[in-house]
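Here's the structure we're looking at; comments come further down.
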Amino acid sequence: QMRLVESGGGLVLAGGPLRLSCAASGRNLRNYAMGWFRQAPGKEREFVAAIRWSGEFTYYADSVKGRFTISRDNAKNTLYLQMNSLKPEDTAVYYCAAPEFHYTVVTGTQDVRYWGQGTQVTVSS
């Protein structure tokens, strides 16, 4: 089993940066594709960013492309989401996620086997 714990959320002014972290245990992160999702109250959980299990190729939702960067540090078994130029519409609970099969690119909720508990990001204007 894999356990995922997010951290780094908080209150930030519009235009500012914030970095989220996701600490993984129970599995070697280097062997898993990973993703970030977000969910605002009353909204469906939506895809934000994904990274392949190898090769470090990345994928982004159109709404965040050019502003957010997904990355990982295999030595620390940690996934990151660097968020820049934040907008009020980025306000949501952010979740990291891993698939059932390590090679599955995590670009939709149907791809997810393991979820973190989420971390709140609030962007004020």
| field | Selected residue (criterion: farthest from the chain's Cα centre (by Cα)) from residues of region 38-56 that are farther than 16 Å from residue 69 by Cβ and surrounded by 18 or more Cβ atoms within 10 Å (Cβ to Cβ) | value | 53
| request: Among what's in region 57-107 and is of a type outside the set (A, V, I, L, M, F, W, C) and over 27 Å from residue 15 (Cα atoms), pick the residue that is surrounded by the fewest Cβ atoms within 10 Å (Cβ to Cβ). | output: 100
| query | If we scan region 17-37, do we find a residue that is out of contact with any His (no Cβ under 7 Å at 6 or more places or on another chain), among the small types (Gly, Ala, Ser), part of a loop (DSSP other than H, G, I, E, B) and open to solvent by less than 30 Å² (accessible area, probe 1.4 Å)? | reply | no
| Failed criterion for residue 11 (all others in (1) within 20 Å of residue 113 (Cβ to Cβ); (2) assigned to a strand (DSSP E or B); (3) open to solvent by 60 Å² or more (accessible area, probe 1.4 Å) hold) | (1)
| message | Just to be sure I understand, how many residues within region 90-107 are touching a strand residue (DSSP E or B) at 6+ places or on another chain (Cβ under 6 Å), in a loop (DSSP other than H, G, I, E, B) and either without any contact (Cβ under 8 Å) to a residue 40 or more places away in the chain or not hydrophobic (A, V, I, L, M, F, W, C) (or both)? | response | 3
| Counting residues that are at pLDDT 95 or above, out of contact with any Phe, Trp or Tyr (no Cβ under 7 Å at 6 or more places or on another chain) and not aliphatic (A, V, I, L, M), which strands (runs of 3 or more DSSP E) fully inside region 42-89 reach at least 1? | 58-60, 68-73, 78-83
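Open to solvent by 30 Å² or more (accessible area, probe 1.4 Å) and either farther than 20 Å from residue 2 by Cβ or touching a His at 6+ places or on another chain (Cβ under 7 Å) (or both): is that true of residue 120 in this structure?
The answer is yes for residue 120.
The values are calculated or read from the model by the stated rules, or taken from the named source; none is laboratory data. All figures in this text were calculated on a predicted structure; none of them were measured in a lab. In this analysis, Cβ positions are derived from the backbone assuming ideal geometry, glycine residues included, and neighbour counts consider all displayed protein chains. Side chains included, ligands, DNA and RNA excluded: accessible areas come from the protein's heavy atoms. Shrake-Rupley method; radii C 1.70, N 1.55, O 1.52, S 1.80 Å.
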